[in-house]
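Please read through the structure below; I'll follow up with questions.
The values are calculated or read from the model by the stated rules, or taken from the named source; none is laboratory data. The structure displayed is predicted, hence computed values, not measured ones. No Cβ is skipped: glycine too gets one built from the backbone with ideal geometry, and neighbour counts run over all protein chains shown.
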Amino acid sequence: MSKRAFLFRKSDDRVICTACARKCALREGQTGFCGVRTVKNGELNLDVYGKVAAAHIDPIEKKPLVHFNPGSKVFSLSTFGCNWMCAYCQNFDISQRRKSEGSELPPEDVILLAKAYQVEGMTYTYNEPTIFMEYAHDIGMIARREGMFNTMVSNGYWTEEAVDYSKDFLDAVTVDFKGNGEPKFMKRYTGASGPEPIIQTIAELKRRGIHVELTDLIIPQIGDSLEYGKVLLTKIMDVLGPDVPIHFLRFHPDYKLINVPPTDVKILESHYNLARELGFRFVYIGNVPGHPFESTYCPSCGKVVIRRYGFRILEWNLTEHMRCKSCGEKIPIEGKLSKNAFHDRFEEVYI
């Protein structure tokens, strides 16, 4: 299945893709860097429209989204392809397979399948969703009509056109920085130009009222500079303010970086402390199950308001209106605690 894309414009003898910040300029028959957007008969087509590479039922905390409909169960799906080429990608078999393949599943059938699993929302993830934005859009519009929310896990390397196109269906995004957004690191290990397009994306997402949480994958030896961490965090503070949730994630060796060790927890804690010193109120450490900074603490009284272990919620100390039960401080969480919060939320999906 293939479909005419929405995110493109024509310029002389080329078609300019506006799905991501690369803005590939393509001639007839050429395919963009992502491997799934091709010019046919003078127009851009999404080659993986209706083609699912992977699908799974996940807890929303896996994304990670911890300030948005906590405890909910989501239907996660991806296509093949990506606009980056991360040397450490854990999903490289999906993201770096730049082919028009996958299980045929039009948007209507995706929602029927999701409803069968009784999920509360959709998540477009595993590869970069902006490259299949038109497919996500059509799924998401149906999902909204069915009372579901829509989220993405993204590198944020978008365009303003992509953000504007997403606003009709998208409710929340986890935007993933890598290695503190250090430009040389990004160019060498992701193939992206630097963090500025991502900063612009999160600003545009905020302007349109879309919930944003951020991650920063801290990679030892090559992407763990506190100096660049401070530069990035200062920019984020200017754009999103002190209440944006920030997750510092532990690196695990994979793909082309199997010889780089896992991130020392002390390095993650140094980044956590830096963010707190700069004024961020909700900072987390991820991929370290059992670490105390997986949990949410009241910024007023310091008590645990949501205790977590990995992706599980163990303890809930908030009122119905998301106020700390100890001191009454309002915690900025969108949505409500799901009825599924204290149940196992991982399930295989059979297409």
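Say we look at the range 250-266 and pick out the residues that are buried (at least 17 other Cβ atoms within 10 Å of the Cβ) and touching a residue at least 40 places away in the same chain (Cβ under 8 Å); which of these is nearest to residue 65 (Cα to Cα)?
Of everything passing the filter in the range 250-266, 251 is nearest to residue 65 (Cα to Cα).
Only one of these is part of a loop (DSSP other than H, G, I, E, B) and either in contact (Cβ under 8 Å) with a residue 12 or more places away in the chain or closer than 20 Å to residue 218 by Cα (or both): 162, 192, 203. Name it.
Just one listed residue meets the conditions, 192.
Assuming residue 15 fulfils every condition listed in (1) closer than 23 Å to residue 97 by Cβ; (2) in contact with a Phe, Trp or Tyr (Cβ under 7 Å, 6 or more places away or on another chain); (3) not in a loop (DSSP other than H, G, I, E, B) apart from one, which condition is it?
Here residue 15 clears every test but (1).
Further question: Only residues that are among the aromatic types (Phe, Trp, Tyr) and crowded, with 23+ Cβ neighbours inside 10 Å: list them for the range 161-197, please.
Hit for the range 161-197 is 177, nothing else.
Each row is one residue, and each column tells you yes or no for (1) outside any loop (DSSP other than H, G, I, E, B); (2) in contact with a Lys or Arg (Cβ under 7 Å, 6 or more places away or on another chain); (3) among the acidic types (Asp, Glu).
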residue	(1), (2), (3)
217	yes, yes, no
227	yes, no, yes
235	yes, no, no
238	yes, no, yes
244	no, no, no
247	yes, no, no
255	no, no, no
260	no, no, no
263	no, yes, no
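Now a separate question. Could you say which residue among 152, 133 is more than 17 Å from residue 5 (Cα to Cα), out of contact with any Gly (no Cβ under 8 Å at 6 or more places or on another chain) and buried (at least 24 other Cβ atoms within 10 Å of the Cβ)?
152
Being closer than 15 Å to residue 157 by Cβ, in contact with a strand residue (DSSP E or B) (Cβ under 6 Å, 6 or more places away or on another chain) and small (Gly, Ala, Ser) is the filter here, so list the residues in the range 19-42 that pass it.
Scanning the range 19-42 gives a single hit, 32.
Any idea how many residues of the range 42-72 are of a type in the set (D, E, K, R) and more than 25 Å from residue 298 (Cα to Cα)?
4
A further question on this structure: Is one or more of the residues making up the range 133-149 part of a loop (DSSP other than H, G, I, E, B), in contact with a strand residue (DSSP E or B) (Cβ under 7 Å, 6 or more places away or on another chain) and at pLDDT 95 or above?
yes
Follow-up question, since we're still on this one. Does at least one position in the range 46-55 carry a residue that is out of contact with any strand residue (DSSP E or B) (no Cβ under 8 Å at 6 or more places or on another chain), crowded, with 21+ Cβ neighbours inside 10 Å, over 23 Å from residue 202 (Cα atoms) and touching a residue at least 24 places away in the same chain (Cβ under 8 Å)? Spell out how you get there, then give the answer.
Initially, the range 46-55 is screened for residues out of contact with any strand residue (DSSP E or B) (no Cβ under 8 Å at 6 or more places or on another chain), giving 48.
This time we only want the ones that are crowded, with 21+ Cβ neighbours inside 10 Å, so: 48.
Retained after the next criterion (residues that are over 23 Å from residue 202 (Cα atoms)): 48.
Restricting the remaining residues to those that are touching a residue at least 24 places away in the same chain (Cβ under 8 Å) gives 48.
Among the residues of the range 46-55, at least one is out of contact with any strand residue (DSSP E or B) (no Cβ under 8 Å at 6 or more places or on another chain), crowded, with 21+ Cβ neighbours inside 10 Å, over 23 Å from residue 202 (Cα atoms) and touching a residue at least 24 places away in the same chain (Cβ under 8 Å), which makes the answer yes.
Answer yes or no as to whether residue 21 is surrounded by 15 or more Cβ atoms within 10 Å (Cβ to Cβ) and touching a Leu at 6+ places or on another chain (Cβ under 6 Å).
No: the conditions fail for residue 21.
Spot the failing condition for residue 92; the list is (1) buried (at least 24 other Cβ atoms within 10 Å of the Cβ); (2) under 30 Å from residue 258 (Cβ atoms), and only one is missed.
(1)
Residue-wise test of (1) over 17 Å from residue 150 (Cα atoms); (2) in contact with a Leu (Cβ under 6 Å, 6 or more places away or on another chain).
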position	(1), (2)
57	no, no
60	no, no
69	no, no
76	no, no
79	no, no
84	yes, no
88	yes, yes
96	yes, no
101	yes, no
